[in-house]
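Asks: Encoded as structure tokens, here's the structure I'll be asking about.
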Amino acid sequence: MAISRSTSRAFLPRSLTALALATMGFTTSALAGSYTEVGDAGQLLGTAQSTVGTGALTDIFGSVSDVHDVDLYLINITNFAAFSASTVNSGTDAFLDTQLFLLTTSGKAVCANDNSGGGFQSLLGAGSCGSSLGNGQYLLGIGSGFYDPVDANNVLLFAPNNGQESVRGPNSAFALAGYTDNGAFDPNFGAYDIKLTGAAAVSAVPEPATVALMLGGLAICGLSASRRQRSSTKTSV
């Protein structure tokens, strides 16, 4: 298909604008030390949101929209023995009844907690997820305390959730396939702040110099395409 001169001229500014907007989205959702949910993080293995940032990952900000909303994040645990995740903080809505759970990247259960400290929020404390696993990438999930992960046979991934404050271990050896209501009703929703230790983002935020090189490379490609188009037009005339 032939490219018109007007299309060629429009290529450069439009492409640069698209890349600039993508870069802005990258950086605003991934400030150093924290990650903010982009849109709605998925709740199954293929739709988990990969965290982006630099250095230690200390916070994940997001929201639960209803009792059946679960957010999965791919994180990098850099110190499994010291790893912790908690929604017991002022950044989490006081009446949001959270449940936190940790999975391997293949969806196998590691540990989960519903309530902690006499409230509705959750805590996976340092050392509470055992010591048999090592550093690496994991899936961290957050959802309602009344919506539990299950495998393909509808068996609970973790020990039954009775609202207890203890950290629950695996109940199934199979991978996450969905969720089930545990017999209670909780219409809550709201914002959360998952505070982390011993973790880092999976992907790094591009450095300013890298972004500049990307923009410069795209500009060169755009100018080259424009010149080829002009040359082609002159030849045809």
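The values are calculated or read from the model by the stated rules, or taken from the named source; none is laboratory data. Values in this document were obtained by computation on a predicted structure and should not be read as measured data. Using ideal geometry, Cβ is built from the backbone for each residue, glycine included, and neighbour counts are taken over all protein chains shown. To get the accessible areas, we keep the full protein, side chains included, count just its heavy atoms, and leave off ligands, DNA and RNA. Shrake-Rupley method; radii C 1.70, N 1.55, O 1.52, S 1.80 Å.
Asks: Given the criterion surrounded by 18 or more Cβ atoms within 10 Å (Cβ to Cβ), more than 18 Å from Ser166 (Cβ to Cβ) and among the small types (Gly, Ala, Ser), identify the matching residue among Gly107, Gly136.
Replies: Testing whether each residue is surrounded by 18 or more Cβ atoms within 10 Å (Cβ to Cβ), more than 18 Å from Ser166 (Cβ to Cβ) and among the small types (Gly, Ala, Ser) leaves just Gly107.
Asks: Sticking with this one: Name the residue that is surrounded by the fewest Cβ atoms within 10 Å (Cβ to Cβ), counting only residues in the stretch 86-104 that are more than 18 Å from the chain's Cα centre (by Cα) and of a type in the set (A, V, I, L, M, F, W, C).
Replies: Per the stated criteria, the residue is Ala94.
Residue by residue, here is whether (1) open to solvent by less than 20 Å² (accessible area, probe 1.4 Å); (2) among the acidic types (Asp, Glu); (3) modelled with pLDDT of 95 or more; (4) under 18 Å from the mean Cα position of the chain (by Cα) holds:
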site: Asn113; (1), (2), (3), (4): yes, no, yes, no
site: Ala126; (1), (2), (3), (4): no, no, yes, no
site: Ile142; (1), (2), (3), (4): yes, no, yes, yes
site: Val155; (1), (2), (3), (4): no, no, yes, no
site: Phe158; (1), (2), (3), (4): yes, no, yes, no
site: Gly163; (1), (2), (3), (4): no, no, no, no
site: Ser166; (1), (2), (3), (4): no, no, no, no
site: Gly169; (1), (2), (3), (4): no, no, yes, no
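Asks: Would you tally the residues in the stretch 13-68 being at pLDDT below 95, in a loop (DSSP other than H, G, I, E, B) and buried (at least 17 other Cβ atoms within 10 Å of the Cβ)?
Replies: Final tally of qualifying residues: 4.
Asks: Here is a further query. Give all pairs with beta carbons closer than 8 Å in which a residue from the stretch 55-74 that is closer than 13 Å to Leu44 by Cβ meets a residue that is among the β-branched types (Val, Ile, Thr) and open to solvent by 30 Å² or more (accessible area, probe 1.4 Å); count only pairs at least 6 apart in sequence or on separate chains.
Replies: What qualifies is Leu72/Thr47; Leu74/Thr105; Leu74/Val202.
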